[in-house]
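Okay, here's the structure, questions in a sec.
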Amino acid sequence: MALLPIPAGTQPDEAQSPPAAPARRAVPLAVPVVAGASGVVAAELWAGVHLSGLAPADALLRLARRAERFTPRVSLEPPDGLLLEVRGSLHLFAGVTGLRRAVTEECRRLGLTAVLAFAPTPLAALALARAGRAHAVLEMSALVGQLAPLPLATLRWPGKICERLARCGVRTVGAALRLPRAGFARRFGTAQLAVLDALTGRSRDLRSAFRARVRFRRRRELTCELENHQVILATLAPLFAALAAFLTERQCGVVELECLLDHRHAPATRCVLRLAAPMADARRLAELLGERLERLPLPEPVRGCELRSAALVPQRPDCLHLWQPGEHGGGLSSEASGLIESLRARLGEDAIHGLAQLEGHRPEKAWGKTAPPAAAGYRAAPRRRTRSPPVMRRPLWLLPMPRSLRVRDGKPRRRGPLRLIGEPERIETGWWDGEEIARDYYTAADIHGVLLWIFREREAPHHWYLHGVFG
Amino acid sequence: MDGDPKLARLLEHPAIWRGRSAARFAVLPSGFAPLDERLPGKGWPRSGLIEILTARFGSGELQLLLPALGALTRAAGARWCVWVAPPLMPFAPALAAAGVVLDRVAVVGGARPLWAFEQVLRSGACDAALAWARRPKPSELRRLQLAAERGRTLGVLFRPWSAAREASPAVLRLGLAPLTAGACVTLLKGRSTDRGAIELTWPEHRPAPLQG
């Protein structure tokens, strides 16, 4: 899933709708809730969380993960800030007060002390929180008034700039906002002006969204030591059941699955399953892992097992065709990737490959191996003809290396004399990469009528080689 | 009732069995008119195992199949055409020149070819699968035949000529011997076919003239 920046400012869908009627906000004023005179509710409301005091390094990430339950739009402001866009979820948490209580509760559970402020722009919410003012500014018109008394340090500008501003007598956000824009940009930099614009909502503030990395990881300790592969696979069954539930819940599949088998002394045995396409079918995954496990030598009996997934991949459910593949143009769906998986599980990663034609006159370099053909998304053969203009006749089989032929009376032999057919084709190329060839290729028939593709080197001593079979 | 083409097409479904047509099954034109005349159903079967017996590797057995393979891979919604443990590497430019769409071609590596062949046939992911085997057991052949029926795949097994005397569950067996510009095909087994040799000529039997 791509991480899209969250635009602050108006949302397109909400911009079209008429301004909402001022809602009756009966908020117990434990903290000041500031509403402007206009009564127009801003399109966005950001909650800025500032972690004060000593917070462990990963506290912010843990908090961000927990905060995803308040809103899908969570953004990190390292090292100590977190932003949540909560306009859409306010009503679910009984307004600002309820949300404040819920977020504070989350922080308390993680052992963090935090200041929480609400404002229509992300930077303003953060600045208020950094200043330790747990305000809730709900409307755009009230924003500047609330920001004005904040010290400039809350914007975290470079120290040099803050010093220069202080020398001019500018120590608060309000004073900075009162300076003429052009002069401010010239003397203190356009970046700082952009921050002020973002602070007051004059320009849009793009935030990258935080997405928690979700992975499956489950352990099972065994009460006895196991050696039999079948039994080990059976003990993995509950883990696979959990994996199935996990994947179904998230509508995701895995492309990589790792199984760790613990031993008493030896290091844990790893078994990694890599798949051609995302798969969510835990029973099939168990089958494939079973194939892998069977070929895996175990140094010692197994005492515990663990199943881990790599990053999850969104799973698109298979579209079932009316016709099965092969009937009246019924196409491929999941059969192809299933086949690749089974072959790879038993025969190894390079069990199956595709073929491609490459540009080049040297027969050895005219073809290449590719990844197996695309499983899905293939509808019809391309209309264009791939047949290049006058193709010389090529054999259907190519030997991996040209095989030397015996010669008698100047004629090549292979289980008897070879009869040359037609004119030779000269292939003389490749001087630029050190693998130069200079050959005259002939079609030849052996005494049984099998057609061969043979060549004679142009360089002395003019050896004959077999290079292909016409088949 | 038989005049309606739509209905006729529906009734061609292999799962529909009609009393008065015992031997109706989907076929694929072989590309050789004299051969089509003699093959049961006027073409290669779309599903099932066939055997091609040759005295020597390279007697023209691929030439015989290429028109059909090309047509299969060019069709809309084509499935794969898989080569299981070929004795040499199929040469991509020659296949492309023969009209085979390389996008639909896959090659499966060498270890345990018969097991891989059965998986390929059974998977339903392939229109055609080719394999080479020296001495498959009759039970293995039976499994292959059932797998090909199940996956609706044309399975082609290339075997040495000496296997002609053995019984086989394949739906069709042909013997092939090279001629100067073609091959002599002998039908060894097939539903409702008369035996006998057919002489075929390859479409491009002559080597192309030298360029320039």
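Please tell me if A:Gly449 is without any contact (Cβ under 8 Å) to a residue 40 or more places away in the chain, not charged (D, E, K, R) and not in a strand (DSSP E or B).
When the stated conditions are applied, A:Gly449 passes them.
Can you tell me which of B:Leu95, B:Leu88, B:Leu102, B:Leu114 is free of Cβ contacts under 8 Å to residues at least 40 places away in the same chain, within 15 Å of A:Ala351 (Cβ to Cβ) and over 11 Å from the mean Cα position of the chain (by Cα)?
B:Leu114
Right, here's the next one. Can you confirm whether the stretch A:136-143 contains a residue that is modelled with pLDDT of 90 or more and part of a helix (DSSP H, G or I)?
no
Based on what the data block shows, is B:Ala164 within 12 Å of another protein chain (Cβ to nearest Cβ) and either under 23 Å from A:Ser342 (Cα atoms) or within 18 Å of the chain's Cα centre (by Cα) (or both)?
Judged against the criteria, B:Ala164 is not a match.
If only one of A:Trp464, A:Trp432 is of a type in the set (A, V, I, L, M, F, W, C) and exposed (fewer than 14 other Cβ atoms within 10 Å of the Cβ), which one is it?
Among A:Trp464, A:Trp432, only A:Trp432 is of a type in the set (A, V, I, L, M, F, W, C) and exposed (fewer than 14 other Cβ atoms within 10 Å of the Cβ).
Let me ask something else about it. Take A:Ala286 and decide whether it is modelled with pLDDT under 85 and in the same structural domain as A:Leu226 (by TED's automatic domain parsing).
So A:Ala286 does not fit the description; no.
Also: Would you mind stating whether B:Ser123 is buried (at least 23 other Cβ atoms within 10 Å of the Cβ), of a type in the set (Ser, Thr, Tyr), over 20 Å from A:Leu396 (Cα atoms) and at the interface with chain A (Cβ under 10 Å from one of its Cβ atoms)?
Details: buried (at least 23 other Cβ atoms within 10 Å of the Cβ): yes; of a type in the set (Ser, Thr, Tyr): yes; over 20 Å from A:Leu396 (Cα atoms): yes; at the interface with chain A (Cβ under 10 Å from one of its Cβ atoms): yes.
For B:Ser123, the condition - buried (at least 23 other Cβ atoms within 10 Å of the Cβ), of a type in the set (Ser, Thr, Tyr), over 20 Å from A:Leu396 (Cα atoms) and at the interface with chain A (Cβ under 10 Å from one of its Cβ atoms) - is met.
Taking A:Ile161 as meeting all but one of (1) in contact with a strand residue (DSSP E or B) (Cβ under 9 Å, 6 or more places away or on another chain); (2) within 22 Å of A:Ala194 (Cβ to Cβ), write down the number of the exception.
Condition not satisfied by A:Ile161: (1).
Mind checking which residues of the stretch A:171-226 are surrounded by 14 or more Cβ atoms within 10 Å (Cβ to Cβ) and among the small types (Gly, Ala, Ser)?
A:Gly174, A:Ala175, A:Ala176, A:Ala185, A:Gly189, A:Ala194, A:Ala198, A:Gly201, A:Ser203, A:Ala209
Just checking, does the stretch A:167-190 include any residue being within 30 Å of A:Arg66 (Cβ to Cβ) and among the basic types (Lys, Arg)? Steps first, please.
If we filter the stretch A:167-190 for residues that are within 30 Å of A:Arg66 (Cβ to Cβ), which is where we start, we get none.
No, the conditions are met nowhere in the stretch A:167-190.
Could you check the stretch B:186-211 and list, in sequence order, the residues that are modelled with pLDDT under 70, more than 14 Å from chain A (Cβ to nearest Cβ) and exposed (fewer than 12 other Cβ atoms within 10 Å of the Cβ)?
Within the stretch B:186-211, B:Ser192, B:Asp194 meet the criteria.
Against the conditions (1) under 15 Å from A:His353 (Cβ atoms); (2) assigned to a loop (DSSP other than H, G, I, E, B), where does B:Val120 fall short? Just the number, please.
(2)
Search the stretch B:168-192 for residues that are touching a residue at least 40 places away in the same chain (Cβ under 8 Å) and pair each with any residue that is assigned to a strand (DSSP E or B) and of a type in the set (S, T, N, Q) when their beta-carbon atoms are under 8 Å apart and the residues are at least 6 apart or on different chains.
B:Leu174/B:Thr186; B:Gly175/B:Thr54; B:Gly175/B:Thr186; B:Leu176/B:Thr54; B:Leu176/B:Thr186; B:Ala177/B:Thr54; B:Ala177/B:Thr186; B:Gly182/B:Thr201
Rundown of residues vs (1) at the interface with chain B (Cβ under 7 Å from one of its Cβ atoms); (2) modelled with pLDDT of 85 or more, yes/no style:
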position	(1), (2)
A:Leu355	yes, yes
A:Glu359	no, no
A:Trp367	yes, yes
A:Ala371	no, no
A:Thr386	yes, no
A:Arg408	no, yes
A:Leu418	no, yes
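Can I ask one more? Which of the residues spanning the stretch B:99-120 are crowded, with 23+ Cβ neighbours inside 10 Å and more than 10 Å from chain A (Cβ to nearest Cβ)?
Hit for the stretch B:99-120 is B:Phe117, nothing else.
Only one residue in A:Leu273, A:Leu260 is under 21 Å from the mean Cα position of the chain (by Cα), surrounded by 13 or more Cβ atoms within 10 Å (Cβ to Cβ), at pLDDT 85 or above and in a strand (DSSP E or B), so which one is that?
Values: A:Leu260 fails: under 21 Å from the mean Cα position of the chain (by Cα).
Only one candidate qualifies: A:Leu273.
Where in the stretch B:1-98 are the helices (runs of 4 or more DSSP H), entirely inside, with at least 2 residues that are modelled with pLDDT of 80 or more and within 11 Å of chain A (Cβ to nearest Cβ)?
B:61-74, B:92-97
The values are calculated or read from the model by the stated rules, or taken from the named source; none is laboratory data. Predicted, not measured: the structure shown is a model, and the values here were computed from it. Note: ideal-geometry Cβ built from the backbone for every residue, glycine included; neighbour counts use all protein chains shown.
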